[in-house]
Amino acid sequence: MSHEQFTPGQRWISNTEADLGLGIVIECANRRVEIAFPAVMEQRTYAIDNAPLSRVIYEPGEQVNNHHGDTLEVLERFENRGCFIYRCSDAEGGEVVLTEPELDSAVHFARPEQRLLAGQIDRNGLFKLRVRTLEHHHRLMSSPVYGLLGARVQLLPHQFHIAVELSSRQHPRALLADEVGLGKTIEAGLVMHQRLISGRASRVLVVVPDNLVHQWLVELLRRFNLMFTLLDEERCMALLESDSGNPFESSQLVLCPLSLLTQRDARLKQALLASWDLLVVDEAHHLGWTPTAVSHGYRCIEALSEKIPGVLLLTATPEQLGPEGHFARLRLLDPERYHDLESFVAESDRFHHLSHAIEPLLEEGGADLLAADSRVQHEIAGWLGDEALGNWLALPRDKREQGLSVLIASLIDRHGTGRVLFRNTRDSVSGFRSRQLDAVPLPMPAVYEEAALTARMEQMLHPELLLGPEWVEFDPRVEWLVEWLRENRKDKALVICAHAETAIALEEYLNLRQGLRTAAFHEGMSLINRDRAAAYFSDLELGAQVLICSEIGSEGRNFQFANHLVLFDLPLSPDLLEQRIGRLDRIGQRFDIQIHVPYYQDSAVGVLLDWYDSGLEAFSRVCASGEAIYHQVADELYECLNDPQNSQALQQLIADTSSARIELEDRLATGRDRLLELGSCDQERAEALTAAVIDAESGEELQAYAEKLFERFGVDTQPHGEDGLVLQMGEHMLCQLPGLEDEGLTLTFNRERALSREDIEYMSWEHPLLAGTMELILRGEYGNNSLVTLKLPPLPPGTLLLEAIFQLHTTAPRALQLQRYLPKGLVRVLVGPNGQDLAGPLGHEPLNKLAETVSRTAGQNMVRLAREQIVTQLKQADVLAQKQLAPMVEQALERMHAEQGAEYQRLEALAAVNPGIHPQELEALAGRREQMADALSRAELKLDAVRVILVRE
């Protein structure tokens with residue numbers, strides 16, 4: 001506390017209760033002082049010897065308010081009988097005399113210099129944390145992968161390439177058509193996450209088929225920390241009854257089933273009335289459209305896509321859609337560009353012809369092939385011109401391969417759908433393991449054989465439905481499974497069956513009767529219990545050997561740490577079978593996938609197994625045509641399933657299926673567009689992006705920073721393995737942290753662990769808890785001033801240094817991401833006793849190592865005694881910092897104009913050859929560059945934090 005004498009009328013502030021506002025001395029007697037706090041209409045009595053109070057003194061140049069609320073600028077300060085009198089100027093320039101008692105009591109000191117001089121001194125640890133936070137914030141904001149660090153996903157280059165490509169556009173409108181298993185949902189999630197984090201979008205509408213609503217809701221929360229509101233009719237009615245207005249305006253992020261829009265016109269109208277930045281539609285290939293007939297679902301999405309600037313459609317591959325279906329999706333994205341089906345088909349034929357002509361050139365030795373093939377030369381010249389081909393032919397032979405890459409890149413730029421369609425194939429994405437089928441024929445129980453004569457198809461394909469309530473006791477499939485698990489105790493196995501009741505009975509039998517380590521996973525469990533079961537299964541040392549899932553186990557979850565899949569029954573849908581296998585057949589799977597199918601000989605399941613294996617080859621590879629062929633031969637398949645003994649009919653079915661598959665695959669291969677695939681993923685750039693993610697993650701640095709951050713805010717932490725923490729709310733927390741609930745949080749900093757343990761949080765730089773806490777520091781007062789002492793032999797004891805941290809502030813929308821162009825995140829000056837800048841020889845980190853804290857009372861006394869010198873050094877610090885402003889702004893402008901200018905020139909060149917680029921896109925880019933230049937030119941340096949350093953003996 002200050003030893004200054006208390007006098008009635010003086011203004012003081014409480015160091016422990018700053019929210020009381022500015023206090024006024026009422027009486028001082030008997031070694032006690034009574035302070036009134038008019039802003040909150042309270043009074044406090046303190047002992048004079050240890051009163052936690054600091055005198056409030058305003059300096060010339062500062063802004064103050066009088067008790068009427070008028071803002072005045074202090075010109076001069078006088079003292080009269082222990083109180084101050086301020087000579088001020090008002091808004092009109094008139095002179096005003098303001099006595100100390102007339103000061104506004106409802107004040108809050110926020111600026112670092114105000115809080116320091118008022119005695120509200122923070123601990124040095126908080127100051128260091130604030131500076132470190134500023135540094136990390138700038139590093140993250142200037143990263144090329146900002147917005148893509150927080151997703152709980154594998155670092156797959158093709159997914160990040162698409163995410164960055166679409167996120168960089170003003171309004172992304174694209175068709176995501178990767179082959180099954182390559183992660184279209186992840187790509188859409190990455191785009192949403194990046195645009196929301198960066199401020200380029202704030203309202204998103206996701207429309208999905210009814211059966212995928214909950215899967216999407218969980219995926220968006222679990223993988224991307226995006227809390228979507230699920231709207232169904234019941235929820236909409238509840239919101240309307242509570243007078244909440246338009247249900248679609250009740251949340252920034254909305255997920256709804258397509259049926260909500262198609263079955264109720266009022267809901268579609270409400271969705272259209274709400275404003276959105278981005279629309280995401282899954283399974284868009286189910287939206288029926290022909291030139292003569294348009295489904296209601298298609299019309300609903302068409303109406304939304306006309307109104308919403310950003311649109312992502314997730315769909316089956318173009319070859320499966322056919323030209324008409326493919327055109328229908330594209331016209332949703334760009335009705336002006338794709339307005340005529342015949343023109344589109346003709347244009348597509350030209351590109352397909354070009355793609356096939358140059359396909360041999362993409363292999364090794366392609367340059368020699370081109371040099372020898374005049375037909376292909378003529379084809380390329382027709383697209384790029386004779387000059388481009390002539391320049392290539394004039395190259396020395398050892399330069400032609402590189403020159404060929406340039407030619408192909410130019411052809412990709414001209415591709416008609418290249419900017420709106422992204423289509424990666426499993427052939428072009430490495431990392432998949434082979435599949436091996438282990439068909440296990442078993443004797444048919446007599447009970448099943450007799451009951452199957454009059455059973456329904458559902459019962460025939462799921463034998464437990466015919467075997468009675470005690471089926472687990474004598475089902476040969478169960479007996480085989482028990483024996484296999486005991487023989488392969490070190491191997492983990494995922495068992496999938498159709499029904500939850502089957503999974504429950506099987507898991508209980510294996511666990512309670514056979515003593516095996518098991519876990520169940522089905523729709524009857526809560527989400528938390530499913531997470532726990534998956535976590536138990538993923539534990540490689542003490543976890544379950546087998547996870548037994550109902551059909552829900554084939555939705556959304558990935559278990560690629562296991563490579564044994566037991567199909568306890570077989571679904572009738574080829575797509576559902578692929579979905580089951582896809583839980584293990586993922587990029588990152590380290591072993592070949594063993595698919596075990598126990599089945600009864602001469603049963604319907606055996607027929608289905610043969611059809612899948614020999615007809616579709618669905619076990620050995622992804623069969624993209626499976627569902628289409630199933631619908632072609634469904635009648636013949638059902639006849640064979642109902643008569644398993646008719647081997648002749650089965651062989652004919654398999655032959656017909658195989659022929660249809662080969663024919664359809666040949667047709668798909670003919671329609672394959674290699675130019676489109678090359679444009680969908682620039683492998684070199686994509687790998688650079690994932691490398692940038694790894695670099696920006698800074699795993700060890702992140703963990704060290706987060707632990708220090710939580711410690712400083714009073715969170716109780718316990719280690720959870722080498723790379724994890726358990727957080728609990730502490731008794732003395734500085735404030736409530738965003739995302740930390742009463743039950744606490746278990747987290748890991750390791751991406752791989754997070755992927756296998758979905759019951760714990762993946763803590764990244766962009767996790768809401770960490771990002772929100774960093775925001776609390778940067779936008780608040782935490783650590784914005786401090787006072788320390790240190791020994792520094794070159795300087796005499798008693799020397800006062802002032803370390804000032806300035807942040808470059810730009811008044812501009814966050815979506816512009818101007819931090820990318822700033823050469824550094826902060827400006828640091830260290831003012832010496834003669835006003836010189838010592839920041840160079842005395843770095844921040846070395847000072848941190850030497851600094852020693854002082855008590856708050858001692859610090860307040862030091863500030864009081866050195867107030868005049870501190871005020872002078874603060875002014876000197878500002879002058880020193882401002883000298884660095886102009887060069888920083890100039891450098892930022894140069895970087896911005898270079899990047900944005902190059903992007904404009906590239907887009908302008910593309911527009912000349914690719915009609916998919918609209919003039920509005922170029923206009924928007926030019927306007928964005930002007931907006932950036934204006935914001936950067938008006939940038940200011942603002943004092944963010946200050947530390948007083950006293951050199952001692």
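Values in this text are rule-based calculations from the coordinates and carry no lab data. Every value quoted in this text rests on a predicted model; they were computed, and no experiment measured them. Cβ sites come from the backbone with ideal geometry, for glycine too, and all protein chains shown count toward neighbours.
Exposure proxy shown here: for S105, S275, S680, S430, the number of other Cβ atoms within 10 Å sets the order, fewest to most, as S430, S275, S105, S680. Once a ≥ b ≥ c are taken as the square roots of the eigenvalues of the Cα gyration tensor of the range 710-813, is the result rounded (a/c under 1.5), prolate (a/b larger than b/c) or oblate (a/b not larger than b/c)? Since a/c reaches 1.5 and a/b is larger than b/c, the shape of the range 710-813 is classed as prolate.
State the volume of the convex hull built on the alpha-carbon positions of the chain, expressed per residue in Å³ and rounded to an integer.
On the way: hull volume 225.2 nm³, N = 953.
It is 236 Å³ per residue.
Shape class of the range 357-415 from the Cα gyration tensor (axes a ≥ b ≥ c, square roots of the eigenvalues): rounded, since a/c falls below 1.5.
What is the sum of charges around G199, taking Lys and Arg as +1, Asp and Glu as -1, for the other residues whose C-beta is under 11 Å from the C-beta of G199? Intermediate results must be reported in sequence, preceding the final value.
Details: positive: R195, R200, R814; negative: D277.
Counting the neighbours of G199, the net charge comes to +2.
Sparse packing (at most 15 other Cβ atoms within 10 Å of the Cβ) combined with a DSSP loop state is found for the following trypsin sites (Lys or Arg not before Pro) in the range 263-313: R264.
What pairs in K849/K875; K399/K824; K849/K883 have C-alpha atoms more than 32 Å from each other? Working shown, then result.
Working: K849/K875 27 Å; K399/K824 40 Å; K849/K883 29 Å.
Over 32 Å apart, Cα to Cα: K399/K824.
Between L865 and E663, the modelled label-to-label distance comes to 9.8 nm, taking each label 7 Å out from Cα in the direction of the beta carbon. Every helix of 4 or more DSSP H residues in the chain counts as -39500 (n - 2.57), and over all residues that averages to -13500 deg cm²/dmol at 222 nm. Determine the sum of side-chain charges near P335: Lys and Arg each +1, Asp and Glu each -1, restricted to other residues whose C-beta is under 14 angstrom from that of P335. That works out to +1. With each label modelled as a point 7 angstrom along the Cα→C-beta vector, the D340-V440 pair spans 6.2 nm.
Oblate is the label for the range 122-256, because a/c, from the alpha-carbon gyration tensor with a ≥ b ≥ c as root eigenvalues, is 1.5 or above and a/b does not exceed b/c.
For the pair K883 and Q252, a Förster radius of 41 Å applied to the C-beta separation gives a FRET efficiency near 0.45, rounded to the nearest 0.05. Taken over the range 234-326, the convex hull of the Cα atoms encloses 98 Å³ per residue.
Taking the charge dipole of the chain about its Cα centre, with +1 at Lys and Arg Cβ atoms and -1 at Asp and Glu Cβ atoms, the residue from L745, C256, N65 reaching farthest to the positive side is N65. Ordered by the count of other Cβ atoms within 10 Å of each Cβ, fewest first, R31, R173, R928, R329 give R31, R928, R173, R329.
Provide the net charge surrounding H918, with neighbours chosen by a C-beta distance below 14 Å and charges set as Lys +1, Arg +1, Asp -1, Glu -1. Before the final figure, lay out each step's value.
On the way: positive: R169, R173, R337, R419; negative: D334, E336, E908, E921, E923.
That works out to -1.
The value of relative contact order for the chain, using C-alpha pairs under 8 Å at least six residues apart, is 14 percent. Remark: the chain carries a charge dipole of roughly 3640 debye about the Cα centre, counting +1 on each Lys and Arg Cβ and -1 on each Asp and Glu Cβ. All C-alpha to C-alpha distances of the range 435-671, sorted into 10 Å bins beginning at zero, yield P(r) values of 7, 32, 36, 19, 5, 0 percent in whole numbers.
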